[in-house]
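What follows is calculated from the coordinates using simple rules that are stated; it is not laboratory data. Given the structure is predicted, the values throughout are model-derived calculations rather than measurements. Counting neighbours? That spans all protein chains shown, and the Cβs are built from the backbone with ideal geometry, glycine included.
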């Protein structure tokens, strides 16, 4: 049992430990490379599943655990508890599990299973494999920079990745607001989610966010200073301007794509889970950006190293999700921790 698992075990009251003893984790094969930097650690996943069971009780479900709780809880481990490459690999493996089967889950939920058998799939699969290999190459380099890189290398790495991650965040902002404003027929409009999206990079979902993210939320005070002239320095002014430009452009793209993809026959329960999981994804995306911005604007090396690990996790999460979305795995392929489906 590693340090992270011991901490989790200690958090469970003695009277509850028998009730939430180690759970049997069943994970179908994941046909992805990059196992030298990220691997499935069933012991760690079992520990997290026990913690999740203690929190949720009868409400626990495999979908919510693997697609929401597992990656969100793993983000804190990357910045707070990571002591070596092996532990980082275990945490990153959680993102690959969540991403790949999350892609399959979304494929099935949107009725896209037939796409996996179409000629178009061969084209996307031909692109998807090399793209994920590119992600793993960046991830491999990112881990090394975060753990061993000089301050200048950490700074440059964050400078390069702020922009693509801002585009990714904007896309998700756009699609999240689209599915909020266009719920499937017969489902309920969720005001609590809409009110949570009052401004970019400051989503306040109706559930716990990563502790590490809360540490960097004060960055928003500088980013959203009343006007450009009142921001602390020139770099904060630059970030604020670029954020508004890139996010507006990519949000329009997300809105357009989900206008095409949204399935009006989706059940209410699937729609609510989609909202929750999409919100969690945005929280992790914020954690890729806020410490990176702090690193760029204030030369904060610790924030920069944290941001790089979050960016690596997001690359693997997103890349494996895309491959799951076009996977030819049978309908309903999904891991199990012994909760309800």
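The figures follow:
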quantity	calculated
Top of 34, 170, 324 by mean-square fluctuation, Gaussian network on the chain, Cα under 10 Å	34
For the range 20-325: rounded, prolate or oblate by the Cα gyration tensor [a/c cutoff 1.5]	rounded
Fluctuation leader among 314, 261, 205 - the chain, Gaussian network, Cα springs under 10 angstrom	261
Distance between modelled label sites at residue 195 and residue 264, nm, 7 Å Cα→Cβ extension	3.0 nm
Residue 225/residue 253 FRET efficiency (R0 30 Å; Cβ-Cβ; nearest 0.05)	0.60
Percent RCO, i.e. relative contact order, over the chain, from Cα pairs under 8 Å lying at least 6 residues apart	35 percent
Selected from 248, 234, 329 as most flexible by GNM, with the chain as the system and alpha-carbon contacts under 10 Å	234
